[in-house]
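See structure below.
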Ligand SMILES: [Fe+2]
Ligand SMILES: [Fe+2]
Ligand SMILES: [Fe+2]
């Protein structure tokens, strides 16, 4: 069997204080090489100040076929939004 | 729902002056500190305690309001209350996770809550006696929480600040549904108006105590300010809250139960009467009318849920073993 090099997902913190955001993937033998490759591929123009790499095989995603049952029920729960409640302007911002 | 002026902060720390100066320079430059960064032990300890207290407050805070879900007077109010209490549960979870990034486990924090070692906001040790309490809690208690939490969005510790941004986005609905509920009662029948006035009378003082002791009496608060965990003092936040709330009460035609409350032209804010701190400390230390019930309810939830947690771990272990065997 041909040995394959694993895939990694790359997350970058764009600026101090912000959370890491997924930017793409990278092919590398281990986490050390993955971090180096991610730096070279994804941060050549000051895109961020911190990198996380996670083995793609360790990512578990929700099933797209279940998107409707997962997320649609929130659409009719308009009472979860502040604008559902009418507050007179005189009392100030709430 | 809410974070109190931290009770019992302890920012003492033993690192070298050089290390502390370097850390302080990062803070002064408004850099966020992340979990893997070097930090003074006192900074870590203060945050673990504060974020833990905050998380516990969100979770215990579900109880007084949860008490009324089945008795909400309409489907509209019931849906709103259910959604609010669900949000508070979520707030607790964001915060526990932020604390866990500092190396403390959820189990340890829960143990400390149940043993009484960890504190939570004193406000939740009061009972919710009538439906009007639900309106008053949204308006005042969530309102006070918002005052406290908005500056925490700029806290120097990254995971806490980011959790607070999420929380603050959700709190606006909490306060508005509460105020709207108060409006419906205040502009309703004389009985309804009396009911909401009674609730206001009971909750006003506990609400302004939520900001914690006066600045002159709050220990270790300077260190928290220097480390930018905290951005405003207890008294500053309390003042902002009172100034925002007085016109809201006037609009409802309700009276705040403080005869000394009056506008002070010179300072451009309201003066208020003396706060009964002996009551505050009694309640913080677990002598509130509901303190035992709250912990009993949390303990029951934790104990009754034990088999579920165990079963889930056992099931995960079984799946892992099966997968390994198949590979
Ligand atoms: Fe809160
Ligand atoms: Fe809330
Ligand atoms: Fe909350």
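The values are calculated or read from the model by the stated rules, or taken from the named source; none is laboratory data. All figures in this text were calculated on a predicted structure; none of them were measured in a lab. Note: ideal-geometry Cβ built from the backbone for every residue, glycine included; neighbour counts use all protein chains shown.
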How do the pairs read when you match residues in the range B:82-109 that are under 17 Å from residue B:36 (Cβ atoms) with residues anywhere that are within 16 Å of ligand 3 (Cβ to nearest atom) and in a helix (DSSP H, G or I), using Cβ under 7 Å and keeping only pairs 6 or more apart or on different chains?
-> B:98/B:51; B:98/B:160; B:98/B:163; B:99/B:51; B:99/B:52; B:99/B:55
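So, in the range B:170-213, of the ones that are within 10 Å of chain A (Cβ to nearest Cβ) and more than 15 Å from the chain's Cα centre (by Cα), which residue ends up farthest from residue A:79 (Cα to Cα)?
If we filter the range B:170-213 for residues that are within 10 Å of chain A (Cβ to nearest Cβ), which is where we start, we get B:170-181, B:183.
Pick out the ones that are also more than 15 Å from the chain's Cα centre (by Cα) and you get B:173, B:176-181, B:183.
Details: B:173: 8, B:176: 11, B:177: 9, B:178: 12, B:179: 14, B:180: 12, B:181: 13, B:183: 17 Å.
Once the filter is applied, the top-ranked residue is B:183.
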Mind listing just one residue for me: the one in the range B:35-62 that is within 16 Å of ligand 2 (Cβ to nearest atom), in contact (Cβ under 8 Å) with a residue 40 or more places away in the chain and part of a helix (DSSP H, G or I) and, of those, nearest to the other protein chains (Cβ to nearest Cβ)?
-> B:58
Give the residues of the range B:83-92 that are surrounded by fewer than 17 Cβ atoms within 10 Å (Cβ to Cβ) and more than 12 Å from ligand 1 (Cβ to nearest atom), sorted by residue number.
-> B:86
For the range B:65-80, name all the residues that are assigned to a helix (DSSP H, G or I) and either without any contact (Cβ under 8 Å) to a residue 60 or more places away in the chain or within 13 Å of ligand 3 (Cβ to nearest atom) (or both).
-> B:65, B:66, B:69, B:70, B:75, B:76, B:78, B:79
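One line per residue, one yes/no per condition, for (1) surrounded by fewer than 23 Cβ atoms within 10 Å (Cβ to Cβ); (2) in contact with a helix residue (DSSP H, G or I) (Cβ under 8 Å, 6 or more places away or on another chain):
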{"position": "B:166", "(1), (2)": "yes, yes"}
{"position": "B:178", "(1), (2)": "no, yes"}
{"position": "B:181", "(1), (2)": "no, yes"}
{"position": "B:196", "(1), (2)": "no, yes"}
{"position": "B:200", "(1), (2)": "no, yes"}
{"position": "B:213", "(1), (2)": "yes, yes"}
{"position": "B:216", "(1), (2)": "yes, no"}
{"position": "B:221", "(1), (2)": "yes, yes"}
{"position": "B:240", "(1), (2)": "yes, yes"}
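Considering only residues of the range B:93-112 that are more than 14 Å from chain A (Cβ to nearest Cβ) and within 16 Å of ligand 3 (Cβ to nearest atom), which is surrounded by the fewest Cβ atoms within 10 Å (Cβ to Cβ)? Steps first, please.
Taking the range B:93-112 as the starting set, the residues that turn out to be more than 14 Å from chain A (Cβ to nearest Cβ) are B:93, B:95-96, B:99-100, B:102-112.
Checking which are within 16 Å of ligand 3 (Cβ to nearest atom) leaves us with B:93, B:95-96, B:99.
Numbers: B:93: 15, B:95: 27, B:96: 22, B:99: 25.
Here the residue is B:93.
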Give just the number: which of (1) loosely packed, with under 15 Cβ neighbours inside 10 Å; (2) more than 30 Å from residue B:98 (Cβ to Cβ) does residue A:91 not satisfy?
-> (1)
Contacts under 6 angstrom Cβ, first residue in the range B:126-147 being within 11 Å of ligand 3 (Cβ to nearest atom), partner not in a helix (DSSP H, G or I), 6 or more apart = B:142/B:1; B:145/B:1; B:145/B:2
Looking only at residues in the range B:259-281 that are out of contact with any strand residue (DSSP E or B) (no Cβ under 9 Å at 6 or more places or on another chain) and more than 14 Å from residue B:217 (Cβ to Cβ), which one is surrounded by the most Cβ atoms within 10 Å (Cβ to Cβ)?
-> B:279
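Every residue, every condition in (1) within 14 Å of another protein chain (Cβ to nearest Cβ); (2) within 30 Å of residue B:245 (Cβ to Cβ), yes or no:
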residue	(1), (2)
A:8	no, no
A:21	yes, no
A:42	no, no
A:51	yes, no
A:85	yes, yes
Scan of the range B:64-82 for residues that are surrounded by fewer than 19 Cβ atoms within 10 Å (Cβ to Cβ) and either modelled with pLDDT of 95 or more or within 16 Å of ligand 1 (Cβ to nearest atom) (or both), ordered by number | B:66, B:69, B:70, B:71, B:72, B:73, B:74, B:75, B:76, B:78, B:79, B:82
Does residue A:69 satisfy being loosely packed, with under 10 Cβ neighbours inside 10 Å and either at pLDDT 95 or above or within 30 Å of residue B:243 (Cβ to Cβ) (or both)?
-> no
